[in-house]
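First comes the structure, then the notes that go with it.
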Amino acid sequence: MANRYSRIFHHINIKNVVQKNIKEAAAKKIIERQIEEEERLQKEIFDKWKSDWKKDMLGEGMTTQTLTGILPSAGDTDLDMMQLGATGSDLSYVDGDDSPADGEFTALTNTDPITSVIDPLSVGTNIRSPQNGASLSLDFTDSDVFHTHVDPGDSIPGDDGGTRGAGISGNYNSGYVNDEGATNENIPLNDFNGESLPSRVGTHLAFGNNTRLANAGFPRYAALKAVDTTEFDTLSMNWFCRGAVNTDTVDGSPTQGQKVVGGTVTKMNTAGDGVSVFYWAGDKEGAASYAPSVTGQSGLHDGWRPINVKPDGTTDNFYSPWLIPHKADVATYGSGSRQKHDSGYPAEVLLNNKITLPPWCRDKNTRFLLHQGRNAEGAARANFGITSIRFQRRTAFRVPSISKPLTDVEAAPFVRVGNNVDQSAKERRKRVKDMIKASLKYSKRKFGDGVVTSTNIE
């Protein structure tokens, strides 16, 4: 036997065998590396495709917001603001001009006359103030009083009369120079530092007898310019009660020798002192009159109504119209160690009150009116100032106007095309086929034959 194979072994060198085995092993490793690399690339393509369809949809605007119209809560973030004071470095007027030299009186530009509305039902645009005595009811009755806006004349250029019993603060000399300067709200809420707050906040919208333009009587109101409230559910107001800052000279007082707030000029504890929010319902969808007529008056004048009254005239008391209740919540507005006043609201500090806006007050063009209707204690009481109105979205809610359901014919092209509007139909088809091929090839390698099948997509 040995002789039979001796001639064969004569031609075989052990070194060659080893080298051959090494080459085969190396070739095998190369193939394995190629397979691994191909698999990696296929997985990369697959993963990219797997994630890109989400990315593409997001880039196309096919977000949850777009599909459902649901906007997330923004918490206490102010999404829009209407300052009611002044801004700029030079608030003096040039003769013959109705605006300051270098600034803006936002207390004037962000208010509009109550007549600047569309009244398709011809109900009339006067303010109807309920006269229910000690009642907190804002229901209109046959004994209500009507008021138009107050024509300011030429007292301050640019003031076209969006207020009654309220107006821009400050003294104006013959050159129409405002003496309180630009509005400053960069101070902590409910912070008393011994200074008069008007001197800290500057120009503001004053309710009561702290403005030369204010009517001393009641009702008092300020009609705001139209605002797009589609994406808001909360009206927030920065404001303050007035008081007198003086030194505590009472022997034995815990604050003896310190600056404190005293006096009753800002006292708010009587029905009628509170501030409610009205809106113009006359041009809303489904608007209808609901108030009884008043003897001797033409027109119902119920287009301006509390926000808890729907455009159709029905009342929904789930929504409160009271932005500033006439009695403060003591738990919320503690008197503070240096607040020696007998009203529930601390005076001479910046406060913030909020109110929830009902759905019928959320649209592209909503007019609001701040209304202080009846005061039994006299014009020197319940005086306050406003520095700004802000709008927030404190809860998530659906906005039908921005929703695009998948069945909508307007949404379908975005699903089919997306952001690839610069690609032809042929190019988009090839892109989809390439993604499918890559996914199928990867799946076959990953799971084997017979698990993943496909049709011919050539």
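The values are calculated or read from the model by the stated rules, or taken from the named source; none is laboratory data. Owing to the predicted nature of the structure, the values given are computational and were not obtained by experimental measurement. Here the Cβ positions follow ideal geometry from the backbone for every residue, glycine too, while neighbour counts run over all protein chains shown.
So, in segment 82-126, exactly how many residues are polar (S, T, N, Q), part of a strand (DSSP E or B) and over 27 Å from the mean Cα position of the chain (by Cα)?
2
For segment 102-133, which residues satisfy the criterion of being in contact with a strand residue (DSSP E or B) (Cβ under 8 Å, 6 or more places away or on another chain) and surrounded by fewer than 16 Cβ atoms within 10 Å (Cβ to Cβ)?
102
Consider residue 129 carefully, then state whether it is at pLDDT 85 or above and over 27 Å from the mean Cα position of the chain (by Cα).
Taking the combined requirement at face value, the residue satisfies it.
Could you please give the count of residues in segment 161-183 that are surrounded by fewer than 16 Cβ atoms within 10 Å (Cβ to Cβ) and of a type outside the set (A, V, I, L, M, F, W, C)?
The qualifying residues number 5.
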